[in-house]
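For reference, the structure is listed below as structure tokens.
The values are calculated or read from the model by the stated rules, or taken from the named source; none is laboratory data. Bear in mind the structure is a predicted one, so any value in this text is a computation, not a measurement. As a convention, Cβ positions derive from the backbone with ideal geometry for all residues, glycine included, and neighbour counts pool all protein chains shown. Ligands, DNA and RNA are stripped out before the accessible areas are found, and what is left, the full protein with its side chains, is counted by its heavy atoms. Shrake-Rupley method; radii C 1.70, N 1.55, O 1.52, S 1.80 Å.
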Amino acid sequence: MEGGFSSEEDAPKIACYTLTLAGYTPTTPCPTEASMLYTGICGGCHGDDGKGLGGTYPDLTQKHLLGIQKQIDASLAH
Ligand code: HEC
């Protein structure tokens, strides 16, 4: 797997799962495959818990990234 690439279709699912790692409960529950996608594509660098690794890879659970929640809810609500 090329590092960090995901399809347009998978991106909102991954983002949704990232929100749950940050302790938020998305309005629309994440699809079941979301955690698998995150762990497979992103977890190798950002850690399976999203908290980053060794200071090199950013912590994805920081609150400033969470403004995207609205967009995710909108994109999952088909
Ligand atoms: C090959 C390792 C690698 C993979 C795989 C990877 N990332 Fe990253 N990511 C990084 C690094 C390194 C940075 C920091 C880049 C920088 O600061 O310029 C980063 C930055 C980010 C940031 C910005 C964080 C901030 O605080 O600015 C987000 C969000 C992010 N990645 C999400 C993801 C998601 C979602 C995935 C899976 C689709 C993913 N990354 C996969 C290495 C990776």
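Here are some notes:
- Cβ pairs under 8 Å, 6+ apart, first in region 40-63 and touching a residue at least 12 places away in the same chain (Cβ under 8 Å), second open to solvent by 80 Å² or more (accessible area, probe 1.4 Å) and not in a loop (DSSP other than H, G, I, E, B): 45/57; 46/57
- Here region 5-27 is the region considered, the condition is being open to solvent by 60 Å² or more (accessible area, probe 1.4 Å) and touching a helix residue (DSSP H, G or I) at 6+ places or on another chain (Cβ under 9 Å), and the residue that is nearest to residue 75 (Cα to Cα) is 27.
- Lone qualifier among 42, 30 - being near the ligand (Cβ under 7 Å from one of its atoms), at pLDDT 85 or above and surrounded by 15 or more Cβ atoms within 10 Å (Cβ to Cβ): 42
- Set side by side, the residues 70, 51, 63 differ, and just one is open to solvent by 40 Å² or more (accessible area, probe 1.4 Å) and either modelled with pLDDT of 85 or more or touching a Pro at 6+ places or on another chain (Cβ under 8 Å) (or both), which is 51.
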